[in-house]
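What follows is one structure encoded as C-alpha coordinates, with my remarks underneath.
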Amino acid sequence: MSYDVAIVGAGYVGLPLSTTFAEAGCRVLLVDVVQSVVDALNRGESHIEDVESERLAPLVEQGLIRATSDYVEMREADAILIALPTPLSRQREPDLSIVEAATRGIASVLREGQVVVLESTTWPGTTREVLLPLLEQGSGLKAGEGFFLAMSPERVDPGREDWTTKTTPKVLGGSTPECTARAADIYRRAVDTVVEVSTPEAAELTKLLENIFRSVNIALVNELAQLCDRMSIDVWEVVNAAATKPFGFMPFSPGPGLGGHCIPIDPFYLTWKAREFGFYTEFIELAGKVNEEMPYFCRSLVSQALNHSKQRAMKGSKILVLGVAYKPDIADMRESPALKLISLLSNAGADVAYHDPHVASFDEHGLQLRSVAYEPAAYDCVVIATDHQSIDYEQLVDDATLVVDLRNATGAKGTASDKVFKL
(Lines give C-alpha, C1' and ligand atoms only; values in the text may rest on other atoms or scores of the structure.)
Protein backbone atom coordinates (compact mmCIF):
# COMPACT_ATOMS: atom_id res chain seq x y z
CA MET A 1 0.00 0.00 0.00
CA SER A 2 1.39 3.43 -0.95
CA TYR A 3 1.15 6.66 1.07
CA ASP A 4 1.68 10.32 0.31
CA VAL A 5 3.15 10.94 3.76
CA ALA A 6 4.18 8.97 6.82
CA ILE A 7 4.17 10.95 10.07
CA VAL A 8 6.25 9.71 12.98
CA GLY A 9 4.57 10.73 16.23
CA ALA A 10 0.80 10.85 16.69
CA GLY A 11 0.73 13.59 19.30
CA TYR A 12 -0.22 17.27 19.47
CA VAL A 13 1.64 17.96 16.20
CA GLY A 14 1.45 14.69 14.30
CA LEU A 15 -2.26 14.00 14.56
CA PRO A 16 -3.47 17.46 13.43
CA LEU A 17 -0.89 17.28 10.62
CA SER A 18 -2.19 13.89 9.52
CA THR A 19 -5.82 15.05 9.39
CA THR A 20 -4.80 18.14 7.42
CA PHE A 21 -3.09 16.01 4.77
CA ALA A 22 -5.93 13.46 4.74
CA GLU A 23 -8.58 16.16 4.30
CA ALA A 24 -6.63 17.31 1.24
CA GLY A 25 -7.02 13.82 -0.22
CA CYS A 26 -3.59 12.48 0.73
CA ARG A 27 -3.07 8.96 2.08
CA VAL A 28 -1.37 9.18 5.48
CA LEU A 29 0.47 6.60 7.58
CA LEU A 30 0.74 7.55 11.26
CA VAL A 31 3.59 5.86 13.13
CA ASP A 32 3.65 5.72 16.93
CA VAL A 33 5.38 3.45 19.45
CA VAL A 34 2.41 3.35 21.84
CA GLN A 35 0.31 0.43 20.66
CA SER A 36 -2.81 1.52 22.55
CA VAL A 37 -2.70 4.86 20.70
CA VAL A 38 -2.24 3.07 17.38
CA ASP A 39 -5.20 0.78 18.05
CA ALA A 40 -7.43 3.68 19.08
CA LEU A 41 -6.53 5.71 15.99
CA ASN A 42 -7.39 2.78 13.74
CA ARG A 43 -10.80 2.72 15.42
CA GLY A 44 -11.18 6.41 14.60
CA GLU A 45 -10.75 7.47 18.23
CA SER A 46 -8.67 10.58 18.88
CA HIS A 47 -6.67 11.26 22.05
CA ILE A 48 -5.87 14.84 21.04
CA GLU A 49 -8.29 17.65 21.91
CA ASP A 50 -7.66 19.60 18.69
CA VAL A 51 -8.73 16.61 16.57
CA GLU A 52 -12.17 15.36 17.53
CA SER A 53 -13.01 11.72 16.90
CA GLU A 54 -15.91 12.87 14.72
CA ARG A 55 -13.33 14.47 12.42
CA LEU A 56 -10.87 11.58 12.51
CA ALA A 57 -13.23 8.61 12.11
CA PRO A 58 -14.44 9.35 8.54
CA LEU A 59 -10.84 9.76 7.37
CA VAL A 60 -9.93 6.39 8.88
CA GLU A 61 -13.01 4.76 7.35
CA GLN A 62 -12.09 6.14 3.91
CA GLY A 63 -8.60 4.66 4.22
CA LEU A 64 -6.96 8.09 4.18
CA ILE A 65 -5.39 7.62 7.64
CA ARG A 66 -3.90 4.43 9.00
CA ALA A 67 -1.79 4.00 12.12
CA THR A 68 1.00 1.51 12.79
CA SER A 69 3.94 0.88 15.07
CA ASP A 70 5.96 -0.75 12.30
CA TYR A 71 8.61 1.49 10.72
CA VAL A 72 8.97 -0.84 7.72
CA GLU A 73 5.68 0.42 6.29
CA MET A 74 7.19 3.90 5.87
CA ARG A 75 9.09 2.64 2.83
CA GLU A 76 5.85 3.03 0.88
CA ALA A 77 5.49 6.77 1.62
CA ASP A 78 6.63 9.65 -0.59
CA ALA A 79 7.67 11.63 2.48
CA ILE A 80 8.42 10.95 6.13
CA LEU A 81 7.66 13.77 8.58
CA ILE A 82 9.12 13.62 12.10
CA ALA A 83 6.86 15.18 14.75
CA LEU A 84 8.33 14.01 18.05
CA PRO A 85 9.02 15.65 21.43
CA THR A 86 12.33 17.43 22.05
CA PRO A 87 12.34 17.97 25.83
CA LEU A 88 15.02 19.37 28.09
CA SER A 89 17.06 17.16 30.40
CA ARG A 90 17.00 17.68 34.16
CA GLN A 91 20.08 19.85 33.63
CA ARG A 92 18.06 22.05 31.22
CA GLU A 93 19.97 20.86 28.17
CA PRO A 94 18.48 19.58 24.88
CA ASP A 95 17.41 15.95 24.88
CA LEU A 96 17.22 14.67 21.30
CA SER A 97 17.15 10.99 22.25
CA ILE A 98 13.58 10.46 21.00
CA VAL A 99 14.26 12.11 17.63
CA GLU A 100 17.62 10.33 17.25
CA ALA A 101 16.09 6.92 17.95
CA ALA A 102 13.33 7.56 15.40
CA THR A 103 15.87 8.78 12.83
CA ARG A 104 17.84 5.56 13.17
CA GLY A 105 14.64 3.62 12.61
CA ILE A 106 13.82 5.70 9.54
CA ALA A 107 17.34 5.24 8.16
CA SER A 108 16.95 1.46 8.31
CA VAL A 109 13.95 1.56 5.95
CA LEU A 110 14.72 4.69 3.89
CA ARG A 111 14.52 4.17 0.14
CA GLU A 112 15.77 6.25 -2.74
CA GLY A 113 13.72 9.33 -3.60
CA GLN A 114 12.00 9.79 -0.26
CA VAL A 115 11.67 13.17 1.43
CA VAL A 116 12.42 13.40 5.16
CA VAL A 117 11.35 16.48 7.13
CA LEU A 118 11.97 17.31 10.78
CA GLU A 119 9.06 19.19 12.40
CA SER A 120 10.29 19.01 15.99
CA THR A 121 11.58 22.24 17.54
CA THR A 122 15.31 22.14 18.15
CA TRP A 123 18.62 24.05 18.02
CA PRO A 124 20.00 25.42 14.74
CA GLY A 125 22.12 22.74 13.15
CA THR A 126 20.18 19.68 14.33
CA THR A 127 18.91 18.68 10.88
CA ARG A 128 22.32 18.94 9.22
CA GLU A 129 24.56 17.86 12.11
CA VAL A 130 22.45 15.10 13.69
CA LEU A 131 19.80 13.80 11.30
CA LEU A 132 21.75 13.98 8.06
CA PRO A 133 24.66 11.74 9.14
CA LEU A 134 22.34 9.27 10.88
CA LEU A 135 20.21 8.96 7.75
CA GLU A 136 23.15 8.72 5.37
CA GLN A 137 25.02 6.15 7.45
CA GLY A 138 21.95 4.05 8.15
CA SER A 139 20.60 4.03 4.59
CA GLY A 140 23.71 4.24 2.42
CA LEU A 141 22.03 7.08 0.52
CA LYS A 142 23.26 10.65 0.14
CA ALA A 143 21.16 13.64 1.15
CA GLY A 144 20.21 15.80 -1.82
CA GLU A 145 20.66 12.91 -4.23
CA GLY A 146 19.41 9.61 -2.82
CA PHE A 147 16.94 11.21 -0.42
CA PHE A 148 15.84 14.77 0.35
CA LEU A 149 16.14 16.28 3.83
CA ALA A 150 14.49 19.44 5.16
CA MET A 151 13.35 21.17 8.33
CA SER A 152 9.88 22.69 8.76
CA PRO A 153 9.12 23.55 12.40
CA GLU A 154 5.63 22.97 13.72
CA ARG A 155 3.49 25.96 14.65
CA VAL A 156 0.73 24.29 16.63
CA ASP A 157 -1.18 26.35 19.20
CA PRO A 158 -3.55 23.92 21.00
CA GLY A 159 -7.13 25.11 21.25
CA ARG A 160 -6.78 27.76 18.57
CA GLU A 161 -9.47 27.84 15.90
CA ASP A 162 -8.71 30.97 13.86
CA TRP A 163 -5.36 29.59 12.61
CA THR A 164 -5.07 25.89 11.81
CA THR A 165 -2.36 23.56 10.52
CA LYS A 166 -3.74 24.20 7.02
CA THR A 167 -3.92 27.99 7.19
CA THR A 168 -0.81 28.77 9.26
CA PRO A 169 2.13 29.54 6.90
CA LYS A 170 4.74 26.76 6.89
CA VAL A 171 8.41 27.79 7.08
CA LEU A 172 10.71 25.28 5.38
CA GLY A 173 14.41 24.99 4.62
CA GLY A 174 16.20 22.08 2.95
CA SER A 175 19.78 20.88 3.22
CA THR A 176 20.10 21.62 -0.54
CA PRO A 177 17.93 23.71 -2.90
CA GLU A 178 16.54 20.50 -4.38
CA CYS A 179 15.65 19.27 -0.87
CA THR A 180 13.77 22.51 -0.25
CA ALA A 181 11.86 22.22 -3.50
CA ARG A 182 10.92 18.56 -2.97
CA ALA A 183 9.76 19.13 0.60
CA ALA A 184 7.80 22.25 -0.35
CA ASP A 185 5.95 20.25 -3.00
CA ILE A 186 4.86 17.78 -0.33
CA TYR A 187 3.48 20.43 2.01
CA ARG A 188 1.73 22.35 -0.75
CA ARG A 189 -0.54 19.34 -1.20
CA ALA A 190 -2.22 20.25 2.10
CA VAL A 191 -0.99 23.60 3.48
CA ASP A 192 -2.11 26.96 2.06
CA THR A 193 1.22 28.80 2.30
CA VAL A 194 4.80 27.49 2.29
CA VAL A 195 7.56 29.98 3.10
CA GLU A 196 10.90 28.74 1.79
CA VAL A 197 14.10 29.77 3.57
CA SER A 198 17.68 29.10 2.48
CA THR A 199 18.74 26.45 4.99
CA PRO A 200 17.48 24.12 7.72
CA GLU A 201 19.34 26.30 10.22
CA ALA A 202 17.28 29.33 9.20
CA ALA A 203 14.06 27.32 9.64
CA GLU A 204 15.18 26.00 13.04
CA LEU A 205 16.10 29.47 14.29
CA THR A 206 12.84 30.96 12.96
CA LYS A 207 10.84 28.76 15.33
CA LEU A 208 13.09 29.60 18.25
CA LEU A 209 12.81 33.33 17.54
CA GLU A 210 9.01 33.12 17.53
CA ASN A 211 8.98 31.55 20.99
CA ILE A 212 11.83 33.64 22.40
CA PHE A 213 9.92 36.78 21.37
CA ARG A 214 6.97 35.68 23.48
CA SER A 215 9.11 34.50 26.40
CA VAL A 216 11.02 37.79 26.64
CA ASN A 217 7.91 39.97 26.38
CA ILE A 218 5.99 37.88 28.92
CA ALA A 219 8.97 38.14 31.27
CA LEU A 220 8.89 41.92 30.82
CA VAL A 221 5.27 42.21 31.94
CA ASN A 222 5.83 39.64 34.71
CA GLU A 223 8.64 41.76 36.09
CA LEU A 224 6.47 44.86 35.69
CA ALA A 225 3.69 43.11 37.62
CA GLN A 226 6.05 42.58 40.55
CA LEU A 227 7.07 46.23 40.49
CA CYS A 228 3.44 47.34 40.24
CA ASP A 229 2.67 45.26 43.32
CA ARG A 230 5.22 47.29 45.30
CA MET A 231 4.06 50.58 43.82
CA SER A 232 0.34 49.83 44.31
CA ILE A 233 -0.36 50.30 40.60
CA ASP A 234 -2.74 48.05 38.66
CA VAL A 235 -0.53 46.34 36.05
CA TRP A 236 -3.61 45.25 34.07
CA GLU A 237 -4.78 48.85 33.76
CA VAL A 238 -1.32 49.87 32.57
CA VAL A 239 -1.09 47.11 29.94
CA ASN A 240 -4.61 47.82 28.66
CA ALA A 241 -3.89 51.53 28.45
CA ALA A 242 -0.64 50.94 26.56
CA ALA A 243 -2.51 48.65 24.16
CA THR A 244 -4.58 51.61 22.95
CA LYS A 245 -1.51 52.86 21.09
CA PRO A 246 -2.15 51.88 17.45
CA PHE A 247 1.53 51.41 16.61
CA GLY A 248 4.79 50.37 18.23
CA PHE A 249 3.26 48.28 21.04
CA MET A 250 1.94 44.72 21.36
CA PRO A 251 0.20 43.74 24.61
CA PHE A 252 1.33 40.74 26.64
CA SER A 253 -0.28 39.60 29.89
CA PRO A 254 1.45 38.69 33.16
CA GLY A 255 0.63 35.43 34.87
CA PRO A 256 1.84 32.70 37.25
CA GLY A 257 4.52 31.54 34.81
CA LEU A 258 4.92 29.94 31.41
CA GLY A 259 3.31 26.74 30.21
CA GLY A 260 2.92 24.69 27.07
CA HIS A 261 5.18 22.62 24.88
CA CYS A 262 7.21 25.49 23.41
CA ILE A 263 7.83 28.72 25.29
CA PRO A 264 9.15 27.30 28.60
CA ILE A 265 11.51 24.94 26.74
CA ASP A 266 12.51 26.07 23.26
CA PRO A 267 14.51 29.22 24.13
CA PHE A 268 16.96 27.11 26.13
CA TYR A 269 17.85 25.15 22.99
CA LEU A 270 19.39 28.35 21.64
CA THR A 271 21.14 29.31 24.88
CA TRP A 272 22.76 25.86 24.88
CA LYS A 273 23.83 26.06 21.24
CA ALA A 274 25.07 29.65 21.58
CA ARG A 275 27.67 28.60 24.14
CA GLU A 276 29.36 26.56 21.42
CA PHE A 277 30.15 29.89 19.75
CA GLY A 278 31.31 31.61 22.93
CA PHE A 279 28.11 33.65 23.03
CA TYR A 280 25.76 34.14 25.97
CA THR A 281 22.11 34.89 25.25
CA GLU A 282 21.52 37.15 28.24
CA PHE A 283 18.03 38.34 27.30
CA ILE A 284 16.81 34.75 26.91
CA GLU A 285 18.34 33.55 30.15
CA LEU A 286 17.09 36.55 32.12
CA ALA A 287 13.58 36.07 30.72
CA GLY A 288 13.72 32.42 31.73
CA LYS A 289 14.77 33.38 35.24
CA VAL A 290 11.94 35.92 35.64
CA ASN A 291 9.30 33.56 34.28
CA GLU A 292 10.46 30.60 36.35
CA GLU A 293 10.26 32.69 39.53
CA MET A 294 6.63 33.74 38.97
CA PRO A 295 5.04 30.75 40.78
CA TYR A 296 7.09 31.70 43.85
CA PHE A 297 5.92 35.31 43.64
CA CYS A 298 2.32 34.13 43.25
CA ARG A 299 2.67 31.89 46.31
CA SER A 300 3.76 34.98 48.26
CA LEU A 301 0.77 36.88 46.88
CA VAL A 302 -1.58 34.18 48.20
CA SER A 303 0.14 34.31 51.58
CA GLN A 304 -0.22 38.10 51.73
CA ALA A 305 -3.88 37.92 50.77
CA LEU A 306 -4.60 35.41 53.54
CA ASN A 307 -2.70 37.47 56.10
CA HIS A 308 -4.17 40.84 55.18
CA SER A 309 -7.75 39.82 54.49
CA LYS A 310 -8.39 36.95 56.90
CA GLN A 311 -5.48 37.13 59.37
CA ARG A 312 -4.72 33.54 58.47
CA ALA A 313 -1.43 31.77 57.94
CA MET A 314 -0.89 29.73 54.81
CA LYS A 315 -0.48 26.58 56.90
CA GLY A 316 -3.84 24.92 57.38
CA SER A 317 -5.74 27.21 55.01
CA LYS A 318 -8.09 25.59 52.51
CA ILE A 319 -7.21 26.81 49.02
CA LEU A 320 -9.01 26.08 45.76
CA VAL A 321 -6.95 26.54 42.60
CA LEU A 322 -9.09 27.21 39.51
CA GLY A 323 -7.53 25.76 36.36
CA VAL A 324 -4.46 23.55 35.97
CA ALA A 325 -4.19 23.47 32.16
CA TYR A 326 -1.50 25.79 30.84
CA LYS A 327 -3.99 27.92 28.91
CA PRO A 328 -7.78 28.44 28.87
CA ASP A 329 -10.32 25.96 27.52
CA ILE A 330 -7.98 23.04 26.82
CA ALA A 331 -6.76 20.01 28.79
CA ASP A 332 -3.07 20.38 27.94
CA MET A 333 -1.02 20.50 31.16
CA ARG A 334 2.48 20.45 29.71
CA GLU A 335 4.77 22.70 31.79
CA SER A 336 1.71 24.32 33.39
CA PRO A 337 2.75 26.85 36.06
CA ALA A 338 -0.40 25.95 38.02
CA LEU A 339 1.18 22.62 38.93
CA LYS A 340 4.26 24.29 40.38
CA LEU A 341 2.06 26.75 42.27
CA ILE A 342 -0.03 23.93 43.77
CA SER A 343 3.17 22.18 44.84
CA LEU A 344 4.49 25.35 46.48
CA LEU A 345 1.22 26.03 48.29
CA SER A 346 1.08 22.43 49.53
CA ASN A 347 4.69 22.55 50.70
CA ALA A 348 3.83 25.71 52.66
CA GLY A 349 1.22 23.74 54.59
CA ALA A 350 -1.95 24.70 52.75
CA ASP A 351 -4.74 22.20 52.12
CA VAL A 352 -4.94 22.57 48.34
CA ALA A 353 -7.62 21.30 45.95
CA TYR A 354 -8.27 22.21 42.34
CA HIS A 355 -11.18 22.52 39.97
CA ASP A 356 -10.71 22.27 36.20
CA PRO A 357 -13.56 21.30 33.85
CA HIS A 358 -11.02 20.05 31.31
CA VAL A 359 -8.62 18.08 33.56
CA ALA A 360 -10.19 15.32 35.66
CA SER A 361 -7.00 14.34 37.49
CA PHE A 362 -3.22 14.63 37.42
CA ASP A 363 -0.11 13.03 38.88
CA GLU A 364 2.66 15.64 38.75
CA HIS A 365 5.22 17.26 41.07
CA GLY A 366 4.70 14.46 43.57
CA LEU A 367 0.97 15.23 43.82
CA GLN A 368 -1.96 13.02 42.87
CA LEU A 369 -5.13 15.08 42.72
CA ARG A 370 -8.58 14.92 41.19
CA SER A 371 -10.70 17.87 40.19
CA VAL A 372 -13.21 18.70 42.93
CA ALA A 373 -16.68 20.18 42.70
CA TYR A 374 -16.85 23.92 42.12
CA GLU A 375 -17.80 25.22 45.57
CA PRO A 376 -15.80 28.44 46.07
CA ALA A 377 -17.51 29.37 49.33
CA ALA A 378 -16.09 26.24 50.97
CA TYR A 379 -12.51 27.56 50.85
CA ASP A 380 -10.50 30.19 52.64
CA CYS A 381 -9.09 31.37 49.31
CA VAL A 382 -9.72 30.75 45.61
CA VAL A 383 -6.73 31.21 43.29
CA ILE A 384 -7.43 31.76 39.59
CA ALA A 385 -4.47 30.14 37.82
CA THR A 386 -6.11 29.42 34.44
CA ASP A 387 -9.13 31.41 33.32
CA HIS A 388 -11.39 28.84 31.64
CA GLN A 389 -14.40 30.54 30.08
CA SER A 390 -16.90 28.15 31.65
CA ILE A 391 -16.47 29.82 35.06
CA ASP A 392 -18.58 32.87 35.95
CA TYR A 393 -15.87 35.04 37.51
CA GLU A 394 -18.16 37.93 38.41
CA GLN A 395 -20.31 35.51 40.38
CA LEU A 396 -17.15 34.09 41.92
CA VAL A 397 -16.40 37.50 43.43
CA ASP A 398 -19.76 37.32 45.22
CA ASP A 399 -19.48 33.66 46.28
CA ALA A 400 -15.88 33.38 47.49
CA THR A 401 -14.60 34.82 50.75
CA LEU A 402 -11.18 35.64 49.20
CA VAL A 403 -9.90 35.54 45.62
CA VAL A 404 -6.35 35.79 44.29
CA ASP A 405 -6.74 36.55 40.59
CA LEU A 406 -3.58 35.79 38.61
CA ARG A 407 -5.26 36.30 35.20
CA ASN A 408 -7.44 39.42 35.62
CA ALA A 409 -10.42 37.11 35.09
CA THR A 410 -12.59 39.02 37.56
CA GLY A 411 -12.16 42.25 35.57
CA ALA A 412 -13.52 45.54 36.87
CA LYS A 413 -15.64 43.83 39.53
CA GLY A 414 -12.55 42.21 40.99
CA THR A 415 -10.66 45.50 40.94
CA ALA A 416 -13.44 47.18 42.90
CA SER A 417 -13.76 44.38 45.47
CA ASP A 418 -11.75 44.44 48.71
CA LYS A 419 -11.73 40.64 48.79
CA VAL A 420 -9.99 40.22 45.43
CA PHE A 421 -6.20 40.44 45.24
CA LYS A 422 -4.79 40.69 41.72
CA LEU A 423 -1.39 39.93 40.28
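The values are calculated or read from the model by the stated rules, or taken from the named source; none is laboratory data. The model shown is predicted, which means the values in this text are computed figures rather than measured ones. Cβ placement follows ideal geometry from the backbone for every residue including glycine, while neighbour counts extend to all protein chains displayed. Note: accessible area is taken over every heavy atom of the protein model, side chains too, but ligands, DNA and RNA are not part of it. Shrake-Rupley method; radii C 1.70, N 1.55, O 1.52, S 1.80 Å.
Details
- Crossing angle, helix 14-23 versus the chain [Cα axis fit, 0-90 degrees, rounded to tens]: 60 degrees
- The helix-only estimate of mean residue ellipticity at 222 nm for the chain, built from DSSP H runs of length n ≥ 4 each weighted as -39500 (n - 2.57), is -12000 deg cm²/dmol after division by the residue total.
- Charge dipole (the chain, unit charges on Cβ, about Cα centre) - positive-most of Gly140, Pro87, Tyr187: Pro87
- Surface share of carbon and sulfur [accessible, 1.4 angstrom probe, percent] for the range 18-96: 46 percent
- Gaussian network model of the chain, Cα within-10 Å springs - most flexible of Ala24, Ala77, Ala183: Ala24
- Once you reduce the range 309-359 and the range 370-423 to the center of their Cα atoms, the two points are 12 Å from each other.
- Computed from the C-beta positions of Ser2 and Glu293 and an R0 of 60 Å, the FRET efficiency is 0.70 to the nearest 0.05.
- Links that overshoot a 29 Å alpha carbon limit, given the list Lys245/Lys273; Lys207/Lys340; Lys170/Lys327: Lys245/Lys273
- Each Lys and Arg Cβ is given +1 and each Asp and Glu Cβ -1; about its Cα centre, the range 47-183 then shows a dipole of about 380 debye.
- In this structure, the amide hydrogen of Phe421, modeled 1.01 Å from its nitrogen in the peptide plane, lies closer than 5 angstrom to those of Val403, Val404, Asp405, counting only residues at least 5 positions away or on a different chain.
- Positive end of the dipole of the chain (Cβ unit charges, origin at the Cα centre): among Ala274, Thr410, Gln114, the Cα lying farthest that way belongs to Ala274.
- Förster radius 30 Å - calculated FRET efficiency between Thr415 and Phe213 (Cβ-Cβ, nearest 0.05): 0.55
- Apportionment of accessible area to carbon and sulfur, the range 97-206, percent (1.4 Å): 51 percent
- Probe 1.4 Å, accessible area per residue of the range 28-176, Å²: 43 Å²
- Dipole magnitude of the chain, debye to nearest 20 (Cβ charges: Lys/Arg +1, Asp/Glu -1, about Cα centre): 760 debye
- Site-free segments of the chain were taken between chymotrypsin sites (Phe, Trp or Tyr not before Pro) in DSSP loops having at most 13 other Cβ atoms within 10 Å, sites themselves excluded; the longest one is 1-162.
- Computed from backbone phi with θ = phi - 60° and the Karplus coefficients 6.51, -1.76 and 1.60, the 3J(HN,Hα) list for the range 45-57 is 9, 9, 10, 10, 4, 6, 10, 6, 4, 5, 7, 6, 3 Hz; x is used for glycine and proline.
- Summary value for the range 214-313: 35 percent relative contact order, contacts being C-alpha pairs under 8 angstrom separated by 6+ residues.
- For the set Lys142, Lys413, Lys422, Lys170, the ranking by accessible area, highest first and with no ligand, DNA or RNA atoms included, is Lys142, Lys413, Lys422, Lys170 under a 1.4 Å probe.
- About its Cα centre, the range 127-218 has a charge dipole of approximately 120 debye under the convention of +1 per Lys or Arg Cβ and -1 per Asp or Glu Cβ, with nothing else charged.
- The listed residues Arg104, Arg407 rank as Arg104, Arg407 when sorted by accessible area, largest first, using a 1.4 Å probe.
- 10 Å Cβ shell holding at most 14 others, DSSP loop, GluC sites (Glu not before Pro): longest site-free stretch of the chain: 162-423
- Heavy-atom surface analysis with a 1.4 Å probe gives the range 274-423 a carbon and sulfur content of 48 percent of its accessible area.
- Cα→Cβ-extended label distance, 7 Å offset, between Phe283 and Ser108, nm: 4.4 nm
- Accessible surface, per residue, of the range 180-329 when the full set of protein chains is kept, probe 1.4 Å, Å²: 50 Å²
- Seen against the Cα atoms of the chain and their longest principal axis, helix 200-231 is set at about 0 degrees.
- Integer Hz, Karplus 6.51/-1.76/1.60 couplings in order for the range 134-150, x for Gly and Pro: 4, 5, 5, 5, x, 9, x, 9, 10, 5, x, 10, x, 9, 10, 10, 8
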